[in-house]
1. Anything in the range 61-79 that is within 16 Å of Glu51 (Cα to Cα) and of a type in the set (S, T, N, Q)? List them, or say none.
2. Can you tell me which of Ser21, Ser36 is among the polar types (S, T, N, Q) and closer than 14 Å to Leu183 by Cα?
3. Could you pull out the residue among Leu143, Leu185 that is within 30 Å of Val43 (Cβ to Cβ) and either crowded, with 24+ Cβ neighbours inside 10 Å or small (Gly, Ala, Ser) (or both)?
4. Would you mention how many residues in the range 131-175 are in contact with a Leu (Cβ under 7 Å, 6 or more places away or on another chain) and at pLDDT 85 or above?
5. Mind listing whichever residues of the range 57-99 are free of Cβ contacts under 8 Å to residues at least 24 places away in the same chain and surrounded by 17 or more Cβ atoms within 10 Å (Cβ to Cβ)?
6. Here is a check on your reading of the model: is Val152 touching a residue at least 60 places away in the same chain (Cβ under 8 Å) and under 25 Å from Leu172 (Cβ atoms)?
7. Which of the residues that make up the range 35-54 are assigned to a helix (DSSP H, G or I) and buried (at least 19 other Cβ atoms within 10 Å of the Cβ)?
Amino acid sequence: MTDSGRTQRIVVVSGGLGVPSTSRMLGDRIAEAARSELAGRGVDARIDVIELRDYATDVATAMVSRYNSPRVQGIIDLVTDADAMIAVSPVFTASVSGLFKSFIDLLDPQGFDAMPVVLAATGGSVRHSLVVDYAMRPIFSYLRADIMPTGVFASPEDWGAADEAGYDGGALTSRARRAGRELALALAGGSAHATRRDAAAGSDEDLSADLTTRSIAPSGSELQRGTRDRRELRAEREREAMTTLPFEDLLASVNGNQM
């Protein structure tokens, strides 16, 4: 497969603990919206889902032992190799879950350079909705991720409004679709902020009509450019790391030059 037709890999990281997990359900909605938008523009997408609940013991062991088991390394590689990420956490004590944060701490901070990321959270009340901006956004800003403008929060009222077919009257569905479109646009090398301005200008149906006539992934060259930019950032960081001496070696080098 050529670079222009390369399948875009989106990883969903869910910190939900329940079965079924509303965090997983929210991540699936956003991922499907992104895949649908990319498919409409002729771009293939692969969705990988990591439910951290299944790796809780391994993550805790890795945190205290500083050794990643093969199971943990496998999900770390899924995130590292992904082109984009959808991060979803339940709200615990006005922040993300400890399991979610522990897994993020295991990842290479340099691996998020310019990675498009959608932030989402679930909680027991709409009063927790600011967790997306006040707890999650600072973490991924520090990691230099390309955070999508629209964060998505879902409370029990959002799920309770859904009918048997899963339609909620448009509230949560619209937010998930908007975030998914922004992610798709970022993967296509465009501006997610432009998508949000378009969404603010009209209804969800108006946005759909506008996106039908305005290509958000118009060419393979633009898709290739967006991926290449992130790879170049990673390569640059790796070169910097290779040319940076540990403090002890740097001090020895300076002392040697002064002799």
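1. Of everything in the range 61-79, just one residue is within 16 Å of Glu51 (Cα to Cα) and of a type in the set (S, T, N, Q), namely Gln73.
2. Answer to the selection: Ser36.
3. Of the residues listed, the single one that is within 30 Å of Val43 (Cβ to Cβ) and either crowded, with 24+ Cβ neighbours inside 10 Å or small (Gly, Ala, Ser) (or both) is Leu185.
4. 9
5. Those that are free of Cβ contacts under 8 Å to residues at least 24 places away in the same chain and surrounded by 17 or more Cβ atoms within 10 Å (Cβ to Cβ): Asp58, Phe92.
6. Yes: the conditions hold for Val152.
7. Within the range 35-54, Arg35, Glu37, Leu38, Leu52 meet the criteria.
Residues checked against (1) farther than 19 Å from Thr80 by Cα; (2) within 17 Å of the chain's Cα centre (by Cα):
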{"residue": "Arg9", "(1), (2)": "no, yes"}
{"residue": "Gly18", "(1), (2)": "yes, no"}
{"residue": "Ser21", "(1), (2)": "yes, no"}
{"residue": "Arg24", "(1), (2)": "yes, yes"}
{"residue": "Asp28", "(1), (2)": "yes, yes"}
{"residue": "Gly40", "(1), (2)": "yes, no"}
{"residue": "Ala45", "(1), (2)": "no, yes"}
{"residue": "Asp48", "(1), (2)": "no, yes"}
{"residue": "Arg53", "(1), (2)": "yes, no"}
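The values are calculated or read from the model by the stated rules, or taken from the named source; none is laboratory data. The shown structure was predicted, so the numbers you read here are calculated from the model rather than taken from an experiment. Positions of Cβ are generated from backbone atoms using ideal geometry, with glycine treated the same way; all protein chains shown enter the neighbour counts.
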